[in-house]
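Inspection log for the structure reproduced underneath, given as C-alpha cells.
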Amino acid sequence: MAEFHSVRRLPPYVFEQVNRLKAAARNAGADIIDLGMGNPDLPAPKHVIEKLVETAGKPRTDRYSSSKGIAGLRRAQANYYGRRFGVKLDPDRQVVATLGSKEGFANMAQAITAPGDVVLVPNPSYPIHAFGFLMAGGVIRSVPAEPTPEFFVALERAVIHSIPKPLAVVVCYPSNPTAMVADLDFYRDLVAFAKKHEIFILSDLAYSEVYFDNNPPPSVLQVPGAMDVTVEFTSMSKTYSMAGWRMGFAVGNERLVAALTRVKSYLDYGAFTPIQVAATAALNGSDDCIAEMRATYKARRDVMVESFGQAGWSLPAPVASMFAWVPIPDKFKHLGSLEFSKLLIEKADVAVAPGLGFGEHGDGYVRLALVENEQRIRQAARGIRRFFDTADERLHNVVQLRQPA
C-alpha cells in the first residue's frame with residue numbers, strides 16, 4: 001500500500017535508528033550515557049512548580065484555555081523582550097503563545113505556505129525548520145548555516161534562481177545543531193536583504209539564554225525595521241528547563257502573528273491554564289534560576305571539552321546553546337555520522353545525535369548535548385577512550401578503518 005502523500009515527502013527519521021539501537025543496548029543491560037537528545041535534565045524552577053500547584057484545581061482552570069495564550073502570559077513575554085532586547089511588543093497583536101517553539105514553527109509553515117512556495121533553510125539545521133514547510137507543500141532550498149558573508153552570497157543566488165521567488169528565510173542563532181551565534185551586524189544585513197527582496201525572516205531564538213561568555217545573543221528584532229518582515233520563536237524549554245511543559249512564543253510582525261493565531265485557533269485550545277500561569281510566573285520572576293542554568297551547562301561544557309580531549313577527541317568549545325557540534329575523528333570519518341553514532345553506542349556506551357539528521361551537510365559531524373552531569377560526562381569520555389584505543393583490533397572484521405594520511 002502506497003504511503004500517504006505528506007508522509008512520503010519525509011525521509012526516514014535518522015534519529016530513530018539511533019534510538020532503537022540505544023533502547024536495545026539498555027534492554028541488554030548496558031549503561032548508555034545519552035548525549036543525543038537536547039532534553040534538559042535540570043529541574044524546573046521551584047517557584048514555577050509552586051505556581052503550577054497553586055493554580056491547578058482552582059475553579060475554571062480545568063476548562064479550555066486561550067489558544068493564543070492568556071493575557072497575562074502574553075504581557076509577560078512582551079515585558080521580557082523589553083528587558084532583554086529593548087524591543088517593544090504589543091502583547092495583543094504581536095505575541096502569540098505556542099505549544100513549544102517547534103509547534104509554533106510548524107503551524108507558521110501551515111499558515112503562510114502555498115504549494116510550491118520556496119523557503120531558504122540553513123543546512124545543517126533543526127529538522128522542523130525544513131520539514132515543517134515540506135509537510136505544508138513547500139520547497140526547500142538550502143543555504144549555509146554559518147552567519148558569514150557566504151550566507152548572503154547563497155541568498156542572492158537563491159533569489160536569482162528560484163521560481164517562484166523565495167517566501168521566507170529561516171535563521172537559528174544560537175544554532176541548533178552547530179552552536180554558532182550571530183551578531184547584530186549580521187542581522188542588520190539580513191533585514192536589509194529581506195526588505196530588498198520582500199521575503200520574511202523566521203528566526204528561531206530558542207537558546208537565547210544559554211550562553212557562556214557574558215555576551216548575550218541578540219534578537220533580530222533589535223534591528224530597526226525588522227518588525228516589518230520578521231517573526232521570532234522562543235521557548236521556555238531550555239531557559240527554564242520546562243521542555244515537557246510545551247510552552248513557547250512567536251512574536252513580531254503583526255501579519256505573521258495573526259496568520260499563526262488564526263491557524264492555531266482551528267487546531268488547539270492552548271496549553272493547560274495552570275501551565276500558562278506558571279510560565280507567566282517564570283517570565284516575571286527572578287533571573288537567578290537562569291544564571292544557575294547557565295553555570296551548570298558551562299561547567300559541563302568545560303568538563304566535556306577537557307575529558308573528551310584527553311580521550312583523543314578534540315571538541316570545539318561552544319560559546320552558546322546546550323550542544324557541541326563536533327567533527328567525526330579522521331579515522332572514522334569515511335563511515336558517516338550515522339554509522340559512527342551506532343558504533344559509539346555499541347563500543348563506548350555513549351549515544352550522540354548523528355549530524356546527518358540535521359541535513360546532508362552535517363554528515364561529517366555529531367551533536368553532543370550537555371544533558372548529563374559532570375561525572376557521567378567523564379564516564380562517557382572514558383568509554384570513548386577505550387573504544388578509540390582498541391578500534392583497530394576490535395573493528396577490523398566489522399568495518400574498514402582508514403588510517404589518517
Practice prompt. Could you tell me which numbered condition residue 24 fails, if it satisfies all but one of (1) over 27 Å from residue 266 (Cβ atoms); (2) touching a residue at least 60 places away in the same chain (Cβ under 8 Å); (3) not β-branched (Val, Ile, Thr)?
Written response: (2)
Worksheet item: If we keep just the residues of the stretch 337-375 that are among the small types (Gly, Ala, Ser) and open to solvent by less than 10 Å² (accessible area, probe 1.4 Å), which is nearest to residue 26 (Cα to Cα)?
Response: 351
Worksheet, complete the sentence: When residue 35 is run through (1) at pLDDT below 95; (2) within 23 Å of the chain's Cα centre (by Cα), the failure sits at (1)
Practice prompt. From 74, 63, 84, grab the single residue that is part of a helix (DSSP H, G or I), surrounded by fewer than 18 Cβ atoms within 10 Å (Cβ to Cβ) and either modelled with pLDDT under 95 or under 25 Å from the mean Cα position of the chain (by Cα) (or both).
Written response: 84
Item to complete: Could you grab me the full set of residues in the stretch 319-328 that are in contact with a Lys or Arg (Cβ under 9 Å, 6 or more places away or on another chain) and either modelled with pLDDT under 95 or open to solvent by less than 10 Å² (accessible area, probe 1.4 Å) (or both)?
Response: 321, 322, 323, 324, 326
Worksheet item: Quick one: residue 193 ticks every box in (1) assigned to a loop (DSSP other than H, G, I, E, B); (2) over 22 Å from the mean Cα position of the chain (by Cα); (3) under 18 Å from residue 121 (Cβ atoms) bar one, so which box is it?
Response: (1)
Worksheet item: Got a sec? Which of 2, 25, 44, 56 is out of contact with any strand residue (DSSP E or B) (no Cβ under 8 Å at 6 or more places or on another chain) and surrounded by fewer than 13 Cβ atoms within 10 Å (Cβ to Cβ)?
Response: 2
Worksheet item: Mind checking which residues of the stretch 271-321 are touching a Ser or Thr at 6+ places or on another chain (Cβ under 8 Å) and on the phi > 0 side of the Ramachandran plot?
Response: 321
Discussion item. Step by step: first the residues of the stretch 180-190, then only those that are aliphatic (A, V, I, L, M) and open to solvent by less than 10 Å² (accessible area, probe 1.4 Å), then the one that is nearest to residue 120 (Cα to Cα). Which residue is that?
Written reply: 190
Practice prompt. Give the number of residues within the stretch 199-252 that are of a type in the set (Asp, Glu) and either open to solvent by 20 Å² or more (accessible area, probe 1.4 Å) or more than 14 Å from residue 176 (Cα to Cα) (or both).
Written response: 3
Worksheet item: For residue 266, all conditions in the list (1) free of Cβ contacts under 8 Å to residues at least 24 places away in the same chain; (2) within 23 Å of residue 371 (Cα to Cα); (3) out of contact with any helix residue (DSSP H, G or I) (no Cβ under 9 Å at 6 or more places or on another chain) hold save one; what is the number of the exception?
Response: (2)
Worksheet item: Residues in the stretch 161-178 that are within 21 Å of residue 102 (Cα to Cα) and surrounded by fewer than 13 Cβ atoms within 10 Å (Cβ to Cβ): how many?
Response: 0
Worksheet entry | Pair list, Cβ < 8 Å and 6+ apart or interchain, from the stretch 137-160 residues that are buried (at least 16 other Cβ atoms within 10 Å of the Cβ) to residues that are basic (Lys, Arg) | 158/141; 159/165
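Kindly evaluate residue 79 against the criterion of being among the polar types (S, T, N, Q) and closer than 25 Å to residue 258 by Cβ. Before the answer, list the steps.
Details: among the polar types (S, T, N, Q): yes; closer than 25 Å to residue 258 by Cβ: yes.
Judged against the criteria, residue 79 is a match.
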Worksheet item: Within the bounds of the stretch 156-174, is there any residue that is touching an Asp or Glu at 6+ places or on another chain (Cβ under 9 Å), small (Gly, Ala, Ser) and not in a helix (DSSP H, G or I)?
Response: yes
Practice prompt. Would you check which residues across the stretch 96-105 are aromatic (Phe, Trp, Tyr) and outside any helix (DSSP H, G or I) and list them?
Written response: none
Practice prompt. Scan the stretch 279-291 and give yes if some residue there is modelled with pLDDT of 95 or more, charged (D, E, K, R) and surrounded by 17 or more Cβ atoms within 10 Å (Cβ to Cβ), otherwise no.
Written response: no
Worksheet item: Filtering the stretch 106-131 down to residues that are in a helix (DSSP H, G or I) and within 20 Å of residue 353 (Cα to Cα), which residue is most open to solvent (accessible area, probe 1.4 Å)?
Response: 131
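The values are calculated or read from the model by the stated rules, or taken from the named source; none is laboratory data. Quick caveat: nothing in here was measured; it's all calculated off a predicted structure. Because the Cβ atoms are built from the backbone with ideal geometry, glycine has one as well, and the counts that use them run over all protein chains shown. What goes into the accessible areas is simple: the full protein's heavy atoms, side chains included, and nothing from ligands, DNA or RNA. Shrake-Rupley method; radii C 1.70, N 1.55, O 1.52, S 1.80 Å.
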